[in-house]
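Worksheet: the structure to be examined is printed underneath.
The values are calculated or read from the model by the stated rules, or taken from the named source; none is laboratory data. These numbers come from a predicted model, not from an experiment. Here Cβ is always computed from backbone atoms with ideal geometry, including for glycine, and neighbour counts include all displayed protein chains.
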Amino acid sequence: MIHIIFFGPPGSGKGTQANYISEKFKFFHLSTGEMFRKHVIEQTLLGNIVQTYMSKGLLVPDEVTTNMFKEELNKHNNIKGLIYDGYPRTLNQAKNLDEILKKKFLEKINLSIFFSIKDEILIKRLSKRSKISGRLDDSSILIIQNRITEYHKKTKPISDFYKEKKCLITIKAEGSIYQVKKRLENVILKKLK
Ligand code: AMP
């Protein structure tokens with residue numbers, strides 16, 4: 001089984017690409033953002049807790065996130081690959097994920113793909129997306145800025161963690177969806193060989 005992390009700033013295209021790639025390679029796509037949005041829509045207890053953070057553009061606390069993530073992961077067996085989209089987002093989560101994979105599958109992360117893109121492009125993309133996504137966290141420039149700040153402060157440092165483990169690959173996330181998709185396919189095909 002192959003374990004691939006997609007990580008990068010909000011608006012770098014992780015979700016869109018994770019949809020394509022999981023379909024193409026028949027991998028399972030796990031998105032913590034999607035899971036949280038589902039809880040919010042269904043107004044579950046967890047949904048009510050996480051909404052406060054999400055609506056401000058802040059990360060949900062690690063313990064809450066990891067508990068939900070573990071529960072979801074436990075529902076899926078007999079899969080040939082997993083794309084982790086939006087998890088881990090902190091160093092603590094990255095360490096937790098290592099532990100979880102060791103316990104559950106006796107395996108480790110094969111690839112951690114960093115989506116590299118300039119902040120100016122992100123702001124443009126997210127502002128554009130707000131007009132069609134209906135996502136509350138795309139709705140104001142202040143919230144968008146918070147998400148980018150959270151990313152630089154808490155998520156970017158995990159690249160060093162994966163660099164040390166020698167599984168970090170950086171791809172250019174600028175350009176068209178098609179161009180980025182091709183870059184990803186090449187990286188994954190090389191790993192699968
Ligand atoms: P996303 O759809 O991946 O952009 O996630 C939307 C929002 O969900 C984020 O801005 C966070 O508030 C929350 N979220 C998603 N994944 C995580 C995570 N791994 N850790 C903490 N918060 C998360």
| Which condition number in (1) loosely packed, with under 14 Cβ neighbours inside 10 Å; (2) not in a helix (DSSP H, G or I) is the one that Thr170 fails? | (1)
| note | Screening Ile79, Ile158 for residues that are crowded, with 20+ Cβ neighbours inside 10 Å and more than 10 Å from the ligand (Cβ to nearest atom) leaves only Ile158
| query | Considering only the range 96-105, how many residues are touching a residue at least 12 places away in the same chain (Cβ under 8 Å) and within 15 Å of the ligand (Cβ to nearest atom)? | reply | 3
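Against the definition (more than 13 Å from the ligand (Cβ to nearest atom) and either surrounded by 13 or more Cβ atoms within 10 Å (Cβ to Cβ) or among the β-branched types (Val, Ile, Thr) (or both)), how does Asp138 come out, yes or no?
Values: more than 13 Å from the ligand (Cβ to nearest atom): no; either surrounded by 13 or more Cβ atoms within 10 Å (Cβ to Cβ) or among the β-branched types (Val, Ile, Thr) (or both): yes.
For Asp138, the condition - more than 13 Å from the ligand (Cβ to nearest atom) and either surrounded by 13 or more Cβ atoms within 10 Å (Cβ to Cβ) or among the β-branched types (Val, Ile, Thr) (or both) - is not met.
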| task | Among the residues of the range 122-135, count how many are loosely packed, with under 15 Cβ neighbours inside 10 Å and in a helix (DSSP H, G or I). | result | 5
| Among the residues of the range 22-32, is any at pLDDT 95 or above, near the ligand (Cβ under 9 Å from one of its atoms) and surrounded by 15 or more Cβ atoms within 10 Å (Cβ to Cβ)? | yes
| If Gln17 passes every condition in (1) of a type outside the set (A, V, I, L, M, F, W, C); (2) farther than 23 Å from Lys172 by Cα; (3) more than 10 Å from the ligand (Cβ to nearest atom) but one, which one does it miss? | (2)
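Given the criterion of a type in the set (Val, Ile, Thr) and touching a His at 6+ places or on another chain (Cβ under 7 Å), identify the matching residue among Ile109, Ile169. Don't jump to the end; show me each part of the working.
Details: Ile169 fails: touching a His at 6+ places or on another chain (Cβ under 7 Å).
It is Ile109.
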| How many of the residues making up the range 47-60 are more than 10 Å from the ligand (Cβ to nearest atom) and surrounded by 18 or more Cβ atoms within 10 Å (Cβ to Cβ)? | 0
